[in-house]
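For reference, the structure is listed below as structure tokens.
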Amino acid sequence: MGMTLLVERFLLHLKAQRNFARNTIKAYQFDLGEFLAYAAANKAGAPAALDRLLMRGYIASISGHKVSRNTLLRKISAVRSFLHYLLETGLLETDPFDLITIPKKEKRLPRFMTEGEIGRLQEHNRPEEVNLREKNYYFALRDYALFELVYSSGLRRSEAAGLNIGDLDLFSGFARVTGKGSRERLVPVGDKAVMAIREYLETRPKPLAHGLPLFLNHKNARLTGAGIALIFKKMAKRARFARPMNPHSVRHSFATHMLDNGCDLKSVQEILGHKNLQTTEIYTHVSLERLKEVYDKAHPRSRGRS
């Protein structure tokens with residue numbers, strides 16, 4: 001059986017498990033295509049030829065490219081997962097990655113905005129203000145409702161794009177969100193977001209059936225994640241932000257502000273939809289850094305004061 005066919009079967013195996021996001025499978029498909037090209041160039045056209053020497057050469061090859069540490073680790077992870085699949089199906093006898101040192105994941109603190117910056121974004125993107133300048137009230141209402149919801153509930157852009165009208169309970173203030181790996185969760189929706197969504201729905205094209213997308217584009221089709229990113233970029237431009245602002249930085253801001261204002265880590269984990277608490281713990285580092293910054297400015301004996 002050819003290696004290309006084996007990769008196709010592996011990707012189908014991942015899809016059947018339902019705990020892999022569509023974007024992850026798409027990235028794995030691309031990464032494994034690169035790996036097959038490298039293997040073919042090194043005359044490794046069968047599972048038996050996938051040995052430790054080949055893996056070392058492959059890691060050295062992709063390490064030479066100008067890619068981030070996390071991208072490098074994703075490519076290695078794709079190949080390792082494929083090899084584990086070959087081991088499970090009996091097409092490979094030993095793991096070629098044994099005794100190979102894998103680079104550690106790069107720990108980067110997430111970018112976030114201050115509460116003041118969030119307020120500035122809201123102020124410069126109020127539908128009434130945008131309409132006066134751009135004469136586009138419906139889309140101004142949609143964009144404002146979208147921003148308020150992402151900040152209120154810490155949604156990923158794909159989660160916001162995937163929402164249907166029936167996923168919202170505006171009376172109780174909750175939304176049913178489908179996150180990574182098709183895992184569903186309930187998240188709270190704040191009062192300001194509820195008000196903004198109600199105003200948007202009053203102008204949104206009818207019908208308002210439960211199964212229809214909540215946020216629509218100019219063609220009255222579902223707004224995509226890429227479309228949401230462009231909207232947030234435009235909102236940042238209106239607020240004259242010097243640094244980049246995107247849906248993920250708003251999500252990071254939500255988590256940071258929740259912890260800064262006394263929310264416990266476990267609750268933030270559940271709202272964000274993180275599978276492991278360790279993923280959420282990075283926000284405690286952000287909060288502690290801010291706490292130290294405030295301390296240095298306020299305490300009379302601190303080195304931060306002259």
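Please treat every number below as a calculation from the coordinates, not as lab data. Every value quoted in this text rests on a predicted model; they were computed, and no experiment measured them. Positions of Cβ are generated from backbone atoms using ideal geometry, with glycine treated the same way; all protein chains shown enter the neighbour counts.
Taking the charge dipole of segment 1-94 about its Cα centre, with +1 at Lys and Arg Cβ atoms and -1 at Asp and Glu Cβ atoms, the residue from His65, Leu87, Gln29 reaching farthest to the positive side is His65.
Listed by chain and number, the aspartates and glutamates whose alpha-carbon sits under 18 Å from that of Lys66, ignoring those within fewer than 8 places in the same chain, are Asp31, Glu34, Glu106. Distances over 24 Å make up what percent of all Cα-Cα pairs in the chain? Taking all Cα-Cα pairs of the chain, the fraction more than 24 Å apart is 63 percent.
Less than 12 Å Cβ to Cβ from Met258, Lys/Arg counted +1 and Asp/Glu -1: what total charge do the surrounding residues give?
Around Met258, the charge tally is -2.
Normalising the Debye intensity of segment 1-87 to I(0), with uniform scatterers on Cα atoms only, and taking log10 at q = 0.10, 0.25, 0.26 Å⁻¹ returns -0.23, -1.41, -1.49.
Quick test of the membrane-span-like rule: which DSSP H helices of the chain reach at least 27 Å along their long axis (C-alpha atoms) with mean Kyte hydropathy at least 0.0? Long hydrophobic helices here: 22-41, 69-88. Using only side-chain charges placed at the Cβ, +1 for Lys and Arg and -1 for Asp and Glu, the dipole size of the chain relative to its Cα centre rounds to 820 debye.
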